[in-house]
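The values are calculated or read from the model by the stated rules, or taken from the named source; none is laboratory data. This structure is a prediction, so every number in the text was calculated from the model and none was measured. Every residue, glycine as well, gets a Cβ built from its backbone with ideal geometry; the counts of neighbours run over all protein chains shown. The accessibility values were calculated without ligands, DNA or RNA, using every heavy atom of the protein model including side chains. Shrake-Rupley method; radii C 1.70, N 1.55, O 1.52, S 1.80 Å.
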Amino acid sequence: MAAQETKEEEEVERIFKRYREQYFKSQPTDVLLITLPKSGTTWLKALIFSIVNRTRYDNSNHPLLTQSPHVCVPFLDVDLFCATPVPAIENMPSPRLFACHIPYTSLPESIISSGCRIVYICRNPKDVFTSLWHFSCKVRTSINDLPPLSLDDTFDLFCKGVSPFGPFWDHVLGYWKASLQWPNRVLFLNYEEMKKEHLVHVNRLADFLDHPFSLEEDKEGVVQEIIRLCSFENLRNLEVNKTGRTLIGGANQNSVVIENSVFFREGKVGDSENLLTAQMNDLLDQIMKEKLDDSHFSF
Ligand code: A3P
């Protein structure tokens, strides 16, 4: 049964990959933010959008003040590919900014061959799991009117590699290896390090995006202003993110309206301590060690 399911999943993935390839022709100037859900997508969408568009907007007209970061940077899969009709994205102004959760091996061929920039952010698996569990429970109860997920069952599946967009370790390793091979094309960021040293990593991000901060901007505090604008505290307290809603899934009968506030929960490092038991903690440590050891990648 498991083998049959795997075969079916592989077939579905092949169909999706063909569809993505048919639809999406990447341009060398594109910027693609790729993450596993709950790794900091919302934060990075806001940062990338603000860095790239910093000369177009100021405090009086910045889109992030009135729109969710998920509107400013759409998801390729859910917002664009799934919409009916599929929106024309060829003429979007350059650089086109997109996000997705697609594993490295399933990326459309043109993303690899165009040489566009990929920004990847990873986060400690325990916090990703914790955030994902809270998010899924919230979405299930508020949108689908379903009971919350069992923590034990969901944890068990996560440990077996059954989670959205594939096993945690395969997703992270795929992009980590790509970043070692093509450092100018794939920037690998880490949520915990970004939380610790905003300035260093936001500067790294701007350099990578080919929008480095000038000395003058440094003096004027432009970097600090972007960090402040995109901070958890600031975004979470904006009216649009407190009470607003966003259509996820494009114009399509399967799309859902989601409360923007679900993307802003705690925004902390180490919140898994409040959810996982010591046994779960040790088990996840052990699994990560086994899965990541050969690669010399660690958290
Ligand atoms: P928690 O559930 O641990 O609070 P994603 O955007 O990939 O869906 O990830 C959501 C997680 O990122 C949530 O984590 C959320 O609170 C946190 N987050 C959202 N905006 C953030 C920001 N500006 N800075 C830091 N973390 C943020």
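One table, with the values for the structure above:
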{"read-out": "Coil-residue chymotrypsin sites (Phe, Trp or Tyr not before Pro) of the stretch 175-278, DSSP, other Cβ within 10 Å capped at 16", "value": "none"}
{"read-out": "Mean Cα-pair separation over length for the chain, i.e. relative contact order, pairs under 8 Å, 6 or more apart, %", "value": "25"}
{"read-out": "Length added when fully stretched, residue 142-residue 245, from 0.36 nm per residue minus Cα-Cα", "value": "35.8 nm"}
{"read-out": "Filtered GluC sites (Glu not before Pro), the stretch 4-97: DSSP coil and at most 14 other beta carbons within 10 Å", "value": "90"}
{"read-out": "Accessible carbon and sulfur surface of the chain relative to its total accessible area, %, 1.4 Å", "value": "53"}
{"read-out": "Per DSSP, loop GluC sites (Glu not before Pro) in the stretch 151-198 with at most 13 further Cβ within 10 Å", "value": "197"}
{"read-out": "Alpha-carbon centroids, the stretch 161-186 and the stretch 229-299: separation in whole Å", "value": "17"}
{"read-out": "Extension gain from residue 234 to residue 289, taking 0.36 nm per residue of separation minus the Cα-Cα distance", "value": "16.2 nm"}
{"read-out": "Probe 1.4 Å, protein heavy atoms only - accessible area per residue of the stretch 18-168 in square angstrom", "value": "41"}
